[in-house]
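Engineer: Encoded as structure tokens, here's the structure I'll be asking about.
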Amino acid sequence: MKSIFLALAALAFIASPMTAHAAPKIGEAAPEFTGTDSNGNVHKLSDFKGKTVVLEWTNPQCPFVVKHYDSGNMQKLQTEYTAKDVIWLSINSSAIGKEGNQSAEEANTYMDDKKSAATARILDPTGVIGKAYEAKVTPHMYVINKEGVLVYEGAIDDNDSNKQEDIATSKNYVKAALDALAEGKPIESAQTKAYGCGVKYE
């Protein structure tokens, strides 16, 4: 009986898919990924070694994303920091047929309409990149330093409302992290609780 049990346990272990990646951790190398943007260009995280990288999970139909885009807050951050040679990647992990999913053409139209200053908008409908980073909501923000190390993960700011008027009195964690990096200072809040709409994985 014992040998049968062990054999069944072994088969269950073989049949179970093993974790394809470790959870991203602050202070450790950010998970490598390859993604295609809305213009058909392929990007690898390692291609940006030597530059600070921001990852922004997005869903154009999420009220919390709308808050930061309709107010111009997200675009203001993108414009400020891409001008300082920061790479800003907006990533859409909404699955085909689910809220927020966009074709390449729709993504480009959206970026143009919103005057996005992101370096690129990566389409991740299978959720491979999102799951590698354990992105849970939109917006979920990540900052990776020039050495490829994850140094910030969490919310864009400290106010989890979806009201534009609250932005002015909120502390922007992403801005604080990027400024600290540029000044060679430690990031005070390296990990916070992200807020927003759940990522619409397949």
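Here, each number is a calculation from the coordinates, and none is a lab measurement. Given the structure is predicted, the values throughout are model-derived calculations rather than measurements. Positions of Cβ are backbone-derived with ideal geometry, glycine not excepted, and every protein chain shown enters the neighbour counts.
Engineer: Considering only the chain, what is the antiparallel percent among its DSSP beta bridges, to the nearest 5? If you can, show how the numbers build up before the last one.
Structural biologist: On the way: 17 of 27 bridges.
Given both bridge residues lie in the chain, the antiparallel proportion sits at roughly 65 percent.
Engineer: Another one. Quick one: which residues, 5 or more positions from residue 120 or on another chain, have an amide H under 5 Å from its amide H? H modelled 1.01 Å from N in the peptide plane, none for Pro or chain starts.
Structural biologist: 88, 90
Engineer: From the square roots a ≥ b ≥ c of the eigenvalues of the alpha-carbon gyration tensor of region 43-163, which class results: rounded (a/c under 1.5), prolate (a/b over b/c), or oblate? Before the final figure, lay out each step's value.
Structural biologist: Working: a/c = 1.35, a/b = 1.20, b/c = 1.13.
Here region 43-163 falls in the rounded category.
Engineer: Report the gain in length on full extension from residue 104 to residue 44: 0.36 nm times residue separation, minus Cα-Cα distance, nm rounded to one decimal.
Structural biologist: Numbers: separation 60, 0.36 × 60 = 21.60 nm, distance 1.83 nm.
Extra length available between residue 104 and residue 44 comes to 19.8 nm.
Engineer: Now for a different question. Please report, in cubic angstrom per residue, the volume enclosed by the convex hull of the alpha-carbon atoms of region 98-195.
Structural biologist: Working: hull volume 13.2 nm³, N = 98.
Hull volume normalised by residue count: 135 Å³.
Engineer: Then there's this: Going out from 0 in 5 Å bins, what whole percent of all Cα-Cα distances in the chain drops into each bin?
Structural biologist: Reading upward from the zero bin: 1, 7, 15, 20, 20, 15, 8, 4, 3, 3, 2, 1, 1, 0.
Engineer: Further, regarding this structure: Taking the Cα atoms only, what angle lies between the long axis of helix 173-183 and the longest principal axis of the chain, rounded to 10 degrees?
Structural biologist: For helix 173-183, the angle is close to 80 degrees.
Engineer: Under 15 Å from a label point 7 Å along Cα→Cβ of residue 160: give me every residue in region 99-143 with its amide N that close.
Structural biologist: From region 99-143, the list is 136-141.
Engineer: Exposure proxy check: 47, 157 ranked by fewest other beta carbons within 10 Å?
Structural biologist: On the way: 47 12, 157 22.
So the residues, fewest neighbours to most, are 47, 157.
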